[in-house]
Every structure is written in structure tokens, then in C-alpha cells.
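These notes concern the structure reproduced below.
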Amino acid sequence: MVEQVTAAPSRNAASAAGPVLSRPKRLREVEGGEESRLPLPIHEFSRVLGGGVVPGSIVLIGGDPGIGKSTLLLQASWILAGASGPVLYVSGEESERQMKMRAVRISEGMSGGEPESSSSSAGKSGGAAAFPESLFLVTETRLDAILEHVQALSPRILIIDSIQTVYLPELTSSAGSVSQVRECAARLQTLAKSSGMAVFLIGHVTKEGVLAGPRVLEHIVDTVLYLEGDRFQSYRLLRAVKNRFGAVAEVGVFEMRGDGLAEVSNPSEAFLAERAAQSPGSAIAVVMEGTRPLLIEIQGLTSPAAYGTPRRTPNGVDLYRLLLISAVLTRRAGLRVAEEDIFLNVVGGIRIDEPAADLAMAVAIASSMKDRPVAADLVLIGEIGLSGELRAVSQTNARLREAAALGFRRAIVPKTVRRGEGPPKGIEIIPCRSLREAIASALVPHE
Ligand SMILES: Nc1ncnc2c1ncn2[C@@H]1O[C@H](COP(=O)(O)OP(=O)(O)OP(=O)(O)O)[C@@H](O)[C@H]1O
Ligand SMILES: [Mg+2]
């Protein structure tokens, strides 16, 4: 049960009697075209936002505890404070001293200026960077006090860490409750829209994966981002799930290091770095994350079930997808996996929910089952249908180009009527109609 406090007769009622100040305008009379965005030189972050920070917008960043939300926003504040003007970072969770500790930790990574110069860094080491002049920290949880600080400082960017800790004393409910979170966010939004200040809110995700102070918040804000990843792996994905100023489904990839989050501008390379190419049970899928193709290693392992019902253990994919693929392997590809335990693992702590990776999953399992490796220079693209047929997936050419760029020479793709442009150069296409056919061409024959 969630307490919902009905507020005392609101000020809205009073103002309803006042004069009407708004006036409909013709669309062509409205000023301002392209939003002028504040550039944010953390490219992975900037792209997810849609190409920079929109003044007056309000962005919610959610994520599991300890995933790196504060780190990411402190790094962004640092850079924005240098480039765009005053930034106020309000923490309701940590003391100024603790924030300073984090700042000292990331200062190492912040030095070295231009972050795009290297393949994976938000700056290069070479001594700690100086603390920016116009980055202000304050520990405060009362929203009215925060608003006063904003008045006094008029920052370009305001960061609230976290929205669940701030409260308005005039509401009786406790901080983090639905009414507090909603009212505080609404106040901040009014302020952001009128002043042109961009606001970032950090939100905690509950165990069920919803932002606490539920979806009301997602409606109020302009952009909702999730920082996700396996806490035991170093990769972090920043994903847009709602964006009024950019495409959703964009993903930024970071690596958590001692000196903060570093950009990974070529994630495929990073994900494939540890691949043991000649061992059975490993196959390469090409999945789209937003507009960007990612090459990801999928590992399958089968082992005879000792007793009882064989287990199906997916890591990084949906269990039902794995059940479906095992059923198709049994019935349509003649592979006797029914008595085998199956483990499926997506390398790098990534979660795949795109059917285009079906084929790679099935081939990884088949490869382990038959104890024959998948050819090392091969990528697999295709969705599997219930009758064992391969179905075409979107943006095949973009996927193939990425694979070719990373040195893969052959690709198994569904055999369909090809329209439009031909396949990219430098990669040989092996069209297959069925899963059975694909497995036969993918696996290296026994000597
Ligand atoms: N010295 C270090 N070396 C490497 N990684 C570190 C180091 N110190 C902290 N980290 C990483 O930073 C993470 C904490 O980051 P941060 O405080 O930004 O997370 P958060 O999402 O804000 O957490 P919370 O939900 O508690 O506010 C840790 O989980 C750890 O992975
Ligand atoms: Mg934090």
C-alpha cells in the first residue's frame, strides 16, 4: 500500500480566477528552432542524450545500487563545469568529504583533455586534473533550500543525487514516497523550464527494476536513462528508454575503472578480446543496440543431465528464448539436447533481447554438443522460426559492415530475396535456409 496524500486546496485553485496570460500563437511565429544543446564531450553519454544536454530539460538516471550513477554524473559535471558554466551537484546521500574522495579518485581519469583521442578513455592519465573552478557541491535534502541555492548560484546544470532523498517539508509524507518524489520532480521541472537550467535526477531502481516513486516520474521528465550492467563485470551500459530530444534505444558503453567510468568507443573489440576462437561452444552474434551494431560472443555448454529434468540456464538471454531454441534444435535440427543440461552465456555482462542472436545461440549449443568449434572468422545473423527456418532480420548490412570492420571474413545469414544494395565488400555471405544447414556450414569438420 502506498500512501497518497491529498494536498490542501492548492494554489492552482486561487490562480484559476486570475487573468489569462497565455495566448495561442501561430506555429511559424514561435521563436527558436533547433534546440541549442550544451556540448558534452563524453561521447558515449552525449549520444545517448541525443547529442548534448538540452537546456531546460530534465533527465532521470536510474540504476542498481553501486552501479556508478554518482560517478558518471560527477564526471559529466566536471566536464560541463569547465565548458558550459556553473554546475551545482546536490547530494543527499553523501557528505561533501565523501564526494571529494570520489572526485579525487576520478581526477586521475579526467586529465588529458580530449577524450575522443583514444579508443577507450574519458581522458588519459598523466597526473590528476585540477578541480574545476565552477563545480559546486552541497549536501542538502530539503528542496526549498536547494531551490534557494539555485537562486543564488544560477547554475547551468543542476544534479540531484538522488531524487528519493529530497523532500518538501510542507508535505507530511516521508522522503522517497510517491507524493514527495512526484511533487519535488514537478517543482524542479517548473524551475528547469522557466530558467533554462538542465536538471539531472538520480533515481534508485527497486529490486523489481522499476524506479522507486514509480512511473509518475518517468512521465514528468524529458529523458529517462538507465545505467546497467553486471556488478561483477566492469562494463556498464547507459541506455535511453525515453527521450523527448533524441532516439531511444541508443546505448553508451563504459568501463568501470579505478579512476571512474571510461568510454568504450569500440565495444565489439572489447567484448571479443578474450575469445578463445578454437574452442567448441563459442559463436559470434551481431546485435543492434540502437543504431549501432555490436559483436558479441555467445557461449554454449551442454553436459549430460545427471538425473531428473535437464536444466536450462541462460545468462544474458531470456529463459524462454533458450527453451524455444533447445526445442527447435531437438525437433528440427536432429540434435539430441533433450537429455542435456544447457548453459548459455553472453560474454561481457550484456543482455540480449533481439531475436537476431538466435542463430548464434543455437550454433553455440550445437558446437558444444558436437564438440566441434565454430569457424573462427565467422559471424552468425538470423532469427530462428519454429519450423527450424532462418528468418531475415533488420539492418543486415549494418551488421555485416561492423563484422567486416572487425576482421570477420564470412557471415551466415538467412537466405531471403535480397532487395536494394548488395552486401558490403570484404565479407563472404553464406546464405542458409534452415538451422540444420547453418549448423553444417558453421562448424569446423572433424579431421
Ligand atoms: N577504487 C575503485 N576502483 C574501482 N572501482 C571503484 C573504486 N571505487 C569505487 N568503484 C566502483 O564505483 C562503484 C560505486 O559508484 P557510485 O558511487 O557512482 O555508484 P552509485 O550508482 O552512485 O551508487 P549508489 O546507488 O549507492 O548511490 C562501485 O560499485 C565500484 O564498482
Ligand atoms: Mg550514488
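Here are a few things to note about the model shown:
- Near E94, once Lys and Arg are set to +1 and Asp and Glu to -1 for all other residues with Cβ below 9 Å from its Cβ, the sum equals -1.
- Computed packing ranks the peptides 21-30, 168-177, 181-190 as 181-190, 168-177, 21-30, most packed first, by mean other Cβ atoms within 10 Å.
- Computed from Cα atoms, the angle from the helix 96-110 axis to the main principal axis of the chain rounds to 50 degrees.
- The chain, accessible surface, carbon-and-sulfur percent (1.4 angstrom probe): 52
- For G62, the amide hydrogen comes within under 5 Å of the amide hydrogens of G203, L225, Y226, L227, counting only partners 5 or more places away or on other chains and with H modelled in the peptide plane.
- Rounded tilt (10° steps) of 143-153 against the dominant C-alpha axis of the chain: 80
- In this label model, Y320 and A405 are separated by 3.4 nm, measuring between points 7 Å along each Cα→Cβ vector.
- Share, in percent, of DSSP beta bridges within the chain that are antiparallel, nearest 5: 45
- Helix-only mean residue ellipticity at 222 nm for the chain, each DSSP H run of n ≥ 4 adding -39500 (n - 2.57), per residue, nearest 500: -8500 deg cm²/dmol
- A protection proxy built from the mean count of other Cβ atoms within 10 Å ranks the segments 294-303, 143-152, most packed first, as 294-303, 143-152.
- Alpha-carbon geometry of the chain: the Rg and the Dmax are 25.5, 88 Å, given in that order.
- Listed residues S394, S441 arranged by accessible area, highest first, probe 1.4 Å: S394, S441
- Summing Cβ point charges (Lys, Arg +1; Asp, Glu -1) relative to the Cα centre of the chain gives a dipole of roughly 1120 debye.
- Only Lys, Arg (+1) and Asp, Glu (-1) charged, at Cβ; region 153-303 dipole about Cα centre in debye: 420
- Less than 5 angstrom separates the built amide H of R312 from those of I342, all sequence-distant by 5 or more or on a different chain.
- Taking every C-alpha pair closer than 8 Å and separated by at least 6 residues, the mean separation divided by the residue count of the chain gives a relative contact order of 13 percent.
- Put simply, when 401-408, 339-346 are sorted by average Cβ atoms within 10 angstrom per residue, most first, you get 339-346, 401-408.
- Between region 370-389 and region 279-342, the Cα center-to-center distance that results, in Å: 11
- Ligands, DNA and RNA are left out, and with a 1.4 angstrom probe the accessible area of region 323-447 is 46 Å² per residue.
- Taken about its Cα centre, region 250-294 carries a charge dipole of roughly 180 debye when the Cβ of each Lys and Arg holds +1 and the Cβ of each Asp and Glu holds -1.
- Rounded tilt (10° steps) of 319-332 against the dominant C-alpha axis of the chain: 20
The values are calculated or read from the model by the stated rules, or taken from the named source; none is laboratory data. Remember, predicted model here, so these are calculated numbers, not experimental data. FYI the Cβ positions are ideal-geometry reconstructions off the backbone, even for glycines, and counts take in every protein chain you see. Side chains included, ligands, DNA and RNA excluded: accessible areas come from the protein's heavy atoms. Shrake-Rupley method; radii C 1.70, N 1.55, O 1.52, S 1.80 Å.
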